[in-house]
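S.K.: The structure is given below, and queries will be raised subsequently.
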Amino acid sequence: MTVAPVEGVGSLVNLVIGAVAHGGHCVARLDGRVVFVRHALPGERVRARLTEATDGARFWRADAVEVLDASPDRVTPRCGHCGPGGCGGCDFQHVGLVAQRRLKAEVVAEQLRRLAGLDVTADEVPVEAVPGDVDGLGWRTRVRLTVDEAGRAGLRAHRSHTVVPLADCPIAEPTLCLPEVLARSWPAGADVLVTGGGGAA
């Protein structure tokens, strides 16, 4: 994969990834401009595709599409729908669980320093497993799905109206019986709320 001159959305750029930011992004800089990058980790060097890149914008957005130098915290996502163009539901499936919680603590600590003026470090922000969590999976107790034109239920891609059809979601609690809900045909454009026991409306 080669990197062409930067011409806007769709351009490939090489970036060195800095600190974590809110919403599953990390911060990088391209010719002095801030670029918020998904699917990357602090310290990595990646090839990224610009997804939002207008000349007058205060910052740009990108997806890491190739990892040139990987972080030791990088893991293979346990869901095949994670990554560029996939489901927008999980921010850190490409990060080991201990590092996921550390990154979340860093985000909260930074917000407390910036917004509340508190002198706090990530070590002082506990991030614990939620009830039902089994190794970072199986904890989500409700899922709101969207239906595509073919009647297939799924989740939206990140910052998009595009529906990514799913067969399952590994962070969903097993009592949701999500595979059965996802296997059904639904009216195009419907919103489907799945709650405990496989209830769907």
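S.K.: Filter segment 139-169 down to the residues that are open to solvent by less than 40 Å² (accessible area, probe 1.4 Å), small (Gly, Ala, Ser) and modelled with pLDDT of 95 or more and list them by number.
M.R.: Gly151, Ala153, Gly154
S.K.: Kindly indicate whether Arg45 is of a type outside the set (Gly, Ala, Ser) and closer than 20 Å to Val163 by Cα.
M.R.: no
S.K.: I'd like the residue in segment 63-87 that is of a type in the set (A, V, I, L, M, F, W, C) and under 12 Å from the mean Cα position of the chain (by Cα) and, out of all such residues, is farthest from Asn14 (Cα to Cα).
M.R.: For segment 63-87, the residue satisfying everything is Cys79.
S.K.: Looking at Asp119, Asp123, can you tell me which residue is at pLDDT 95 or above, open to solvent by 70 Å² or more (accessible area, probe 1.4 Å) and not in a helix (DSSP H, G or I)?
M.R.: Values: Asp123 fails: not in a helix (DSSP H, G or I).
It is Asp119.
S.K.: If you don't mind, there's one more thing I want to ask. For segment 63-80, enumerate the residues that are open to solvent by less than 40 Å² (accessible area, probe 1.4 Å) and part of a strand (DSSP E or B).
M.R.: Across segment 63-80, the qualifying residues are Asp63, Ala64.
S.K.: Within segment 40-62, how many residues are open to solvent by less than 30 Å² (accessible area, probe 1.4 Å) and either under 19 Å from Gly83 (Cα atoms) or of a type outside the set (Gly, Ala, Ser) (or both)?
M.R.: Of the residues in that region, 8 qualify.
S.K.: In addition: Does Val107 meet the test of being under 14 Å from Gly24 (Cα atoms) and modelled with pLDDT of 95 or more? Steps first, answer last, please.
M.R.: Details: under 14 Å from Gly24 (Cα atoms): yes; modelled with pLDDT of 95 or more: yes.
Yes.
The values are calculated or read from the model by the stated rules, or taken from the named source; none is laboratory data. All of these numbers come straight from a predicted model, not from anything done at the bench. Protein only, heavy atoms only, side chains kept; ligands, DNA and RNA dropped before computing areas. Shrake-Rupley method; radii C 1.70, N 1.55, O 1.52, S 1.80 Å.
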